[in-house]
Amino acid sequence: MEGSHVIEIFYSSFESKIGRIFIAATKNGLCRLCLCNKENIFLKELKNGLKGEIEFNKSFTHLEQYINILRSYFQKKEKNLHLPVEFLFGTKFQKKVWMALRKIPYGETRSYNFIAKSISKNRASRAVGNAVGNNPIPIIIPCHRVIRKNGNLGGFALGIEIKKKLLKVESQL
């Protein structure tokens, strides 16, 4: 169709210390990271919430840089995960929370309440928790570094055991 815009998304997967990780990126940056075993499950999750015409291309070559950095992260060789990202969905509030999460330093944790205050939404801890739970690019957007104010780990979309493993990679557990 003339004048229509096609979003091209490249995707690939690799094995890590926490299981098989699928990643996806546009030409502008990472748009999805998922811990799952099956490509069809990942593609279904990836399509969820996307609008418009999407072209999916399985390509290790386009994602090799991201995969190598993530592998180095799991080997405790890479601390800087400030890779380019592109949010293909999410509310303005969610995106604000996700960007605030990127400011949490490697090896440190912050509370939901701290994140709420950092985005000038002092009473929005629960809403922050919901945004954290909908993070499309975990690890790169380090939602595993968010804990409860009392120091308990709280929840994690990928499961509490994965959260513990990620914090252990960063030597916080």
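The values are calculated or read from the model by the stated rules, or taken from the named source; none is laboratory data. The shown structure was predicted, so the numbers you read here are calculated from the model rather than taken from an experiment. A quick note on method: Cβ atoms are made from the backbone with ideal geometry, for glycine too, and the neighbour counts reach across all protein chains shown.
Would you mind stating whether F42 is in contact (Cβ under 8 Å) with a residue 40 or more places away in the chain, of a type in the set (A, V, I, L, M, F, W, C), under 21 Å from G159 (Cβ atoms) and not assigned by TED's automatic domain parsing to the domain that holds I140?
Values: in contact (Cβ under 8 Å) with a residue 40 or more places away in the chain: no; of a type in the set (A, V, I, L, M, F, W, C): yes; under 21 Å from G159 (Cβ atoms): yes; not assigned by TED's automatic domain parsing to the domain that holds I140: yes.
Against the criterion (in contact (Cβ under 8 Å) with a residue 40 or more places away in the chain, of a type in the set (A, V, I, L, M, F, W, C), under 21 Å from G159 (Cβ atoms) and not assigned by TED's automatic domain parsing to the domain that holds I140), F42 does not qualify.
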Practice task
Might you let me know whether region 114-134 holds any residue that is crowded, with 17+ Cβ neighbours inside 10 Å and under 19 Å from K168 (Cα atoms)?
Solution key: no
Problem - Members of region 64-91 found to be part of a loop (DSSP other than H, G, I, E, B) and under 21 Å from F14 (Cβ atoms), listed by number - result: Q75, K76, K77, E78, K79, N80, L81, H82, L83, P84, E86
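From R110, R71, R102, R123, grab the single residue that is within 24 Å of I162 (Cα to Cα), of a type in the set (K, R) and in contact with a helix residue (DSSP H, G or I) (Cβ under 8 Å, 6 or more places away or on another chain).
On the way: R71 fails: in contact with a helix residue (DSSP H, G or I) (Cβ under 8 Å, 6 or more places away or on another chain); R102 fails: in contact with a helix residue (DSSP H, G or I) (Cβ under 8 Å, 6 or more places away or on another chain); R123 fails: within 24 Å of I162 (Cα to Cα).
Going through R110, R71, R102, R123 in turn, just one is within 24 Å of I162 (Cα to Cα), of a type in the set (K, R) and in contact with a helix residue (DSSP H, G or I) (Cβ under 8 Å, 6 or more places away or on another chain): R110.
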Exercise for the section: Evaluate region 50-70: report whether one residue or more is surrounded by 14 or more Cβ atoms within 10 Å (Cβ to Cβ), at pLDDT 95 or above and of a type in the set (S, T, N, Q). Expected result: no
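One line per residue, one yes/no per condition, for (1) in the same structural domain as F156 (by TED's automatic domain parsing); (2) closer than 16 Å to I137 by Cα:
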residue	(1), (2)
K17	no, no
F22	no, yes
N28	no, yes
L46	no, yes
G52	no, no
F60	no, no
V97	yes, yes
Problem - Residue check for K79: in contact with a strand residue (DSSP E or B) (Cβ under 8 Å, 6 or more places away or on another chain), more than 30 Å from K51 (Cα to Cα) and surrounded by fewer than 15 Cβ atoms within 10 Å (Cβ to Cβ) - result: no
Practice task
Starting from region 147-165, take each residue that is under 17 Å from G107 (Cα atoms) and list its partners that are part of a loop (DSSP other than H, G, I, E, B) and among the small types (G, A, S), counting only C-beta distances under 7 angstrom and pairs at least six apart or across chains.
Solution key: I147/G154; R148/G154
Exercise for the section: Kindly check whether there is at least one residue in region 40-63 that is of a type in the set (F, W, Y) and not in a strand (DSSP E or B). Expected result: yes
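Do we have N134 as polar (S, T, N, Q) and closer than 24 Å to L46 by Cβ here?
Values: polar (S, T, N, Q): yes; closer than 24 Å to L46 by Cβ: yes.
The answer is yes for N134.
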Problem - Residue list for region 114-147, filter: under 19 Å from the mean Cα position of the chain (by Cα), of a type outside the set (V, I, T) and not in a helix (DSSP H, G or I) - result: N134, N135, P136, P138, P142
